[in-house]
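The values are calculated or read from the model by the stated rules, or taken from the named source; none is laboratory data. If you're wondering where the values come from, they're calculated on a predicted model, not measured in any experiment. Virtual Cβ from ideal backbone geometry, glycine too; neighbours counted across all protein chains shown. Surface areas here come from the heavy atoms of the whole protein model, side chains and all, with no ligands, DNA or RNA. Shrake-Rupley method; radii C 1.70, N 1.55, O 1.52, S 1.80 Å.
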Amino acid sequence: MLVIVDMQNRILDTNDKNHVPGADILIPKLQQRLKKARESGEMVLFTRDIPIEHKNESEELFGLQIIDELAPLSDEYVFKKNYYALPPESLIHVRELTAERKQEKSQIEVVGVELSVCVLANTLALQGALPEGNFSIDSDLVAGNHLNEATLSLLKEFNIERK
(Lines give C-alpha, C1' and ligand atoms only; values in the text may rest on other atoms or scores of the structure.)
Protein backbone atom coordinates (compact mmCIF):
# COMPACT_ATOMS: atom_id res chain seq x y z
CA MET A 1 0.00 0.00 0.00
CA LEU A 2 1.14 3.51 -0.79
CA VAL A 3 -0.07 6.36 1.44
CA ILE A 4 0.48 9.88 0.07
CA VAL A 5 0.09 12.50 2.79
CA ASP A 6 -1.16 16.05 2.15
CA MET A 7 0.35 16.70 -1.29
CA GLN A 8 -1.94 19.67 -1.85
CA ASN A 9 -1.54 22.87 -3.85
CA ARG A 10 -1.04 25.05 -0.78
CA ILE A 11 2.25 23.36 0.14
CA LEU A 12 3.74 24.71 -3.10
CA ASP A 13 2.51 28.30 -2.60
CA THR A 14 5.31 30.35 -1.06
CA ASN A 15 2.71 32.87 0.15
CA ASP A 16 0.73 30.24 2.07
CA LYS A 17 1.48 29.61 5.76
CA ASN A 18 1.44 25.88 4.94
CA HIS A 19 4.18 26.14 2.30
CA VAL A 20 6.68 23.30 2.64
CA PRO A 21 10.15 24.10 1.29
CA GLY A 22 11.39 21.28 -0.91
CA ALA A 23 7.93 19.90 -1.66
CA ASP A 24 8.25 20.90 -5.31
CA ILE A 25 11.26 18.62 -5.84
CA LEU A 26 9.28 15.71 -4.41
CA ILE A 27 6.72 15.81 -7.20
CA PRO A 28 8.68 13.98 -9.96
CA LYS A 29 9.87 11.37 -7.44
CA LEU A 30 6.35 10.85 -6.14
CA GLN A 31 5.03 10.61 -9.69
CA GLN A 32 7.47 7.74 -10.32
CA ARG A 33 6.52 5.96 -7.10
CA LEU A 34 2.81 6.45 -7.83
CA LYS A 35 3.26 5.10 -11.36
CA LYS A 36 4.98 2.00 -9.94
CA ALA A 37 2.14 1.49 -7.44
CA ARG A 38 -0.50 1.83 -10.14
CA GLU A 39 1.27 -0.52 -12.52
CA SER A 40 1.58 -3.19 -9.83
CA GLY A 41 -2.02 -2.84 -8.64
CA GLU A 42 -0.95 -1.59 -5.23
CA MET A 43 -3.65 0.10 -3.13
CA VAL A 44 -3.14 3.88 -3.05
CA LEU A 45 -4.47 6.15 -0.31
CA PHE A 46 -4.26 9.95 -0.24
CA THR A 47 -4.84 12.23 2.72
CA ARG A 48 -6.20 15.76 2.31
CA ASP A 49 -5.75 18.18 5.15
CA ILE A 50 -8.90 20.30 5.41
CA PRO A 51 -8.53 22.82 8.25
CA ILE A 52 -11.62 22.83 10.44
CA GLU A 53 -12.48 26.38 9.35
CA HIS A 54 -12.80 25.11 5.75
CA LYS A 55 -14.79 21.98 6.56
CA ASN A 56 -17.78 21.54 4.24
CA GLU A 57 -18.45 24.67 2.17
CA SER A 58 -14.92 25.92 1.45
CA GLU A 59 -12.98 22.65 1.41
CA GLU A 60 -12.94 22.66 -2.38
CA LEU A 61 -10.63 25.69 -2.54
CA PHE A 62 -7.75 25.31 -5.01
CA GLY A 63 -5.12 25.31 -2.27
CA LEU A 64 -6.77 22.34 -0.57
CA GLN A 65 -6.81 20.15 -3.70
CA ILE A 66 -4.27 17.40 -4.34
CA ILE A 67 -1.76 18.67 -6.86
CA ASP A 68 -2.62 17.78 -10.46
CA GLU A 69 0.55 15.77 -11.07
CA LEU A 70 -0.54 13.29 -8.39
CA ALA A 71 -4.30 13.40 -8.98
CA PRO A 72 -6.05 10.31 -7.59
CA LEU A 73 -7.69 7.89 -9.99
CA SER A 74 -11.26 6.72 -9.49
CA ASP A 75 -10.16 3.43 -7.88
CA GLU A 76 -7.89 5.15 -5.35
CA TYR A 77 -8.94 6.43 -1.93
CA VAL A 78 -8.90 10.00 -0.63
CA PHE A 79 -9.38 10.56 3.08
CA LYS A 80 -10.05 14.04 4.42
CA LYS A 81 -8.81 15.02 7.84
CA ASN A 82 -9.35 18.16 9.88
CA TYR A 83 -6.33 17.80 12.10
CA TYR A 84 -2.90 16.19 11.79
CA ALA A 85 -3.92 12.52 11.58
CA LEU A 86 -6.77 10.59 10.04
CA PRO A 87 -9.82 10.44 12.30
CA PRO A 88 -10.86 7.13 13.87
CA GLU A 89 -13.66 6.49 11.36
CA SER A 90 -11.19 6.79 8.46
CA LEU A 91 -8.74 4.44 10.18
CA ILE A 92 -11.55 1.90 10.59
CA HIS A 93 -12.35 2.28 6.89
CA VAL A 94 -8.70 1.69 5.96
CA ARG A 95 -8.69 -1.42 8.14
CA GLU A 96 -11.83 -2.68 6.37
CA LEU A 97 -10.29 -2.01 2.94
CA THR A 98 -7.18 -3.98 3.83
CA ALA A 99 -9.28 -6.84 5.19
CA GLU A 100 -10.52 -7.27 1.62
CA ARG A 101 -7.00 -7.00 0.20
CA LYS A 102 -4.84 -8.71 2.79
CA GLN A 103 -1.61 -8.32 0.79
CA GLU A 104 -1.87 -4.55 1.28
CA LYS A 105 -1.06 -4.93 4.98
CA SER A 106 2.30 -6.56 4.34
CA GLN A 107 4.13 -3.46 3.03
CA ILE A 108 2.88 0.05 3.74
CA GLU A 109 4.93 2.99 2.50
CA VAL A 110 4.08 6.49 3.70
CA VAL A 111 5.27 9.51 1.68
CA GLY A 112 4.47 13.23 1.41
CA VAL A 113 4.55 16.27 3.70
CA GLU A 114 5.25 17.43 6.36
CA LEU A 115 7.43 14.70 7.82
CA SER A 116 7.62 15.91 11.43
CA VAL A 117 3.89 16.61 11.66
CA CYS A 118 1.37 14.98 9.32
CA VAL A 119 3.52 12.15 7.95
CA LEU A 120 4.54 11.25 11.50
CA ALA A 121 0.99 11.49 12.87
CA ASN A 122 -0.58 9.48 10.04
CA THR A 123 2.11 6.81 10.07
CA LEU A 124 1.60 6.17 13.77
CA ALA A 125 -2.21 6.31 13.46
CA LEU A 126 -2.15 3.82 10.57
CA GLN A 127 0.26 1.61 12.46
CA GLY A 128 -2.24 1.50 15.31
CA ALA A 129 -5.03 0.52 12.88
CA LEU A 130 -2.85 -2.00 11.01
CA PRO A 131 -0.42 -3.34 13.63
CA GLU A 132 0.48 -6.34 11.50
CA GLY A 133 1.76 -4.07 8.71
CA ASN A 134 5.39 -3.44 7.86
CA PHE A 135 5.71 0.34 7.55
CA SER A 136 8.43 2.24 5.73
CA ILE A 137 9.35 5.78 4.80
CA ASP A 138 11.73 6.63 1.97
CA SER A 139 13.58 9.77 3.06
CA ASP A 140 13.69 10.88 -0.59
CA LEU A 141 9.89 10.88 -0.76
CA VAL A 142 9.13 13.15 2.20
CA ALA A 143 9.69 16.84 2.87
CA GLY A 144 9.54 18.91 5.99
CA ASN A 145 11.76 21.07 8.10
CA HIS A 146 14.84 20.98 10.34
CA LEU A 147 13.27 18.13 12.34
CA ASN A 148 13.38 15.59 9.49
CA GLU A 149 16.37 13.60 10.73
CA ALA A 150 15.10 13.58 14.31
CA THR A 151 11.67 12.45 13.08
CA LEU A 152 13.15 9.61 11.03
CA SER A 153 15.14 8.51 14.09
CA LEU A 154 12.02 8.64 16.24
CA LEU A 155 10.04 6.60 13.70
CA LYS A 156 12.75 3.94 13.80
CA GLU A 157 11.89 3.48 17.48
CA PHE A 158 8.37 2.58 16.33
CA ASN A 159 9.73 -0.05 13.92
CA ILE A 160 9.21 2.13 10.86
CA GLU A 161 11.84 1.18 8.30
CA ARG A 162 13.79 3.97 6.66
CA LYS A 163 14.45 3.33 3.00
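Let me have the relative contact order for the chain, percent, based on Cα pairs under 8 Å that are six or more residues apart.
On the way: 269 pairs, mean separation 45.9, N = 163.
Worked out over the chain, it gives 28 percent.
For the range 1-126, the ratio of Cα radius of gyration to the globular rule of thumb 2.2 N^0.38 Å stands at 1.01. Hey, how many Å between the Cα centroid of the range 78-126 and the Cα centroid of the range 38-58? The distance from the Cα centre of the range 78-126 to that of the range 38-58 comes to 10 Å.
Bridging of K35 to aspartates and glutamates at a Cα separation below 19 Å is possible for D6, D24, D68, E69, D75, E76, E104, E109, D138, D140, once same-chain residues fewer than 8 apart are set aside. For the range 27-74, the solvent-accessible area of protein heavy atoms averages 57 Å² per residue (probe radius 1.4 Å; ligands and nucleic acids excluded).
Here the contact order of the range 29-92, divided by its residue count and restricted to Cα pairs under 8 Å and six or more residues apart, works out to 42 percent. Cβ-Cβ distance of F158 and Q107, R₀ of 25 Å, FRET efficiency by 1/(1 + (r/R0)^6): the value works out to about 0.95. Each Lys and Arg contributes +1 and each Asp and Glu -1, all at the Cβ; summed about the Cα centre of the chain, the dipole is approximately 380 debye. Here's the picture: a label point sits 7 Å out from the Cα of S58 along the beta-carbon direction, and within the range 8-39 the residues with their amide nitrogen under 18 Å of it are 9-11, 13, 15-19.
Roughly to the nearest percent, how much of the accessible area of the chain is carbon and sulfur, given a 1.4 Å probe? Walk me through the numbers before you get to the answer.
On the way: 4370 of 8390 Å².
Ligands and nucleic acids excluded, carbon and sulfur give 52 percent.
Give K105/K163; K81/K163; K80/K102 a once-over and call out the pairs whose C-alpha atoms are over 20 Å from each other. List each step's numbers first, then the result.
Working: K105/K163 18 Å; K81/K163 26 Å; K80/K102 23 Å.
Pairs exceeding 20 Å: K81/K163; K80/K102.
Averaging the inverse of every distinct alpha carbon separation and then flipping it gives the Kirkwood radius. What is it for the range 121-163, in angstrom units? Before the final figure, lay out the partial values.
Details: mean 1/r = 0.0928 Å⁻¹.
Averaging 1/r across every pair of different Cα atoms and inverting gives 10.8 Å.
Taken along the Cα-to-beta-carbon direction at a fixed 7 Å, the label points for K80 and D68 span 2.3 nm. In the chain, the DSSP beta bridges split such that about 5 percent are antiparallel, to the nearest 5.
Test of understanding: express the Cα radius of gyration of the range 87-161 as a ratio to 2.2 N^0.38 Å, with N the residue count.
Numbers: Rg = 12.3 Å, N = 75, 2.2 N^0.38 = 11.3 Å.
Normalised by 2.2 N^0.38 Å, the Cα Rg of the range 87-161 equals 1.09.
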